[in-house]
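The values are calculated or read from the model by the stated rules, or taken from the named source; none is laboratory data. Quick caveat, the model's predicted, so the values are computed rather than measured. As a convention, Cβ positions derive from the backbone with ideal geometry for all residues, glycine included, and neighbour counts pool all protein chains shown.
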Amino acid sequence: MSSVVIYCRSGFESDAAAEITHHAALHNVAGYVKAKPNTGYVTFECFDPAQSELLLKQVDFSSLVFARQWFAGVLLSKMPVEDRVSEIKQVVGGFPLCGDLRVETPDTNEGKELSKFCKKFSTPLAKALEKQNKLTRDHKAHKPVLHVLFLANDTAYVGYSFSHNNSPFFMGIPRLKMPADAPSRSTLKLDEAFNVFVGKENEPERVRSGMRGVDLGACPGGWTYQLVRRGLFVAAIDNGPMNDDLMETGQVKHFREDGFKYRPEKRNIDWLVCDMVEKPTRVSELMVDWIVNGFVRELIFNLKLPMKKRFDTVYECLTLIRDELKKYGVGYELQAKHLYHDREEVTVHIQVLKVPQNLYS
């Protein structure tokens, strides 16, 4: 299989293409990108077919910003619509035994038209692959995932990803419900960020009731809402008004201040969140300041992107953050993702592991 297939948000194909090209070069994998605007996916075509699997093993999927999902695969076109299963079985013959089957589409209007067909097609395909001994009957989380990405009813990429280095979500999209009492739809951005960066299995330990949070640029309270529903006490920083229902919870204290100037009285903040509309480099510098001064343990913040050179802007900001934290000897883990509920922005998560005390004592 020569293709690495990457799902992305429609309109961000050039950014996903630039990113996989960047990582392929770092790992000395030669190839070229195929990308069309507004299709919701790109492919990296390896000159050596064996290297598509190499990329999936050597590149950390969590390091990819614009990729929602990926797999190594091959394109099947002009499949007979009366027997697509047989066509797919022929390709799958050389695959490892997979523990999950995902019949998917790109996240586009054209893809949505195929979604009903994909649901119906999944069952007969799964049964055929089980008989072929290429798919386990029960879901096996530790085994590879078999992907069939339909582009049309007779055209699909067929391949597999590794369960330890992919997105656990169908189509790479967490399915979240908009809370009826949330102050704004932006609340889903932070909810998704917790799902992707922290995970349900880790939330009870790292996002506990009674913790302290700060929301910079909080008005009207979409992100504060997610902290409150997880039991945190929140300092909401914004010159604008906050949602009345949030204020009545008793968990929120509203400070009418500039988010770039506010600093807490004590270095005991568990979570800092920030969705301010500002230049991404300025937000990056602000987050570094909070970290090196020992104010906070974990951060989730958005970097608003320009219309052009979005890939370059993101990587410049991430490099700035990494270089500054290295300079000050800060131990940390960083992830960045163009989430499903993001638009012209990227969400960054940083877990602070160690800050030298001499930086702020």
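Brief remarks on what is shown
- If you go through region 306-338 and keep only what is in contact (Cβ under 8 Å) with a residue 24 or more places away in the chain, in a strand (DSSP E or B) and among the charged types (D, E, K, R), you end up with just 337.
- Output for region 303-348, where each listed residue is among the β-branched types (Val, Ile, Thr) and either touching a His at 6+ places or on another chain (Cβ under 8 Å) or under 16 Å from residue 63 (Cα atoms) (or both): 313, 314, 319, 321, 346, 347, 348
- Test result for residue 217, crowded, with 21+ Cβ neighbours inside 10 Å, without any contact (Cβ under 8 Å) to a residue 60 or more places away in the chain, in the same structural domain as residue 256 (by TED's automatic domain parsing) and more than 16 Å from the chain's Cα centre (by Cα): no
- Residue satisfying condition, being assigned by TED's automatic domain parsing to the domain that holds residue 62 and buried (at least 22 other Cβ atoms within 10 Å of the Cβ), within set 144, 168: 144
- Residue in region 90-105 that is touching a Gly at 6+ places or on another chain (Cβ under 9 Å) and either closer than 30 Å to residue 349 by Cβ or without any contact (Cβ under 8 Å) to a residue 60 or more places away in the chain (or both) present: yes
- Flag if residue 180 is farther than 29 Å from residue 121 by Cα, surrounded by fewer than 24 Cβ atoms within 10 Å (Cβ to Cβ) and without any contact (Cβ under 8 Å) to a residue 40 or more places away in the chain: yes
- Of all the residues in region 319-335, those that are of a type in the set (A, V, I, L, M, F, W, C) and within 21 Å of the chain's Cα centre (by Cα) number 3.
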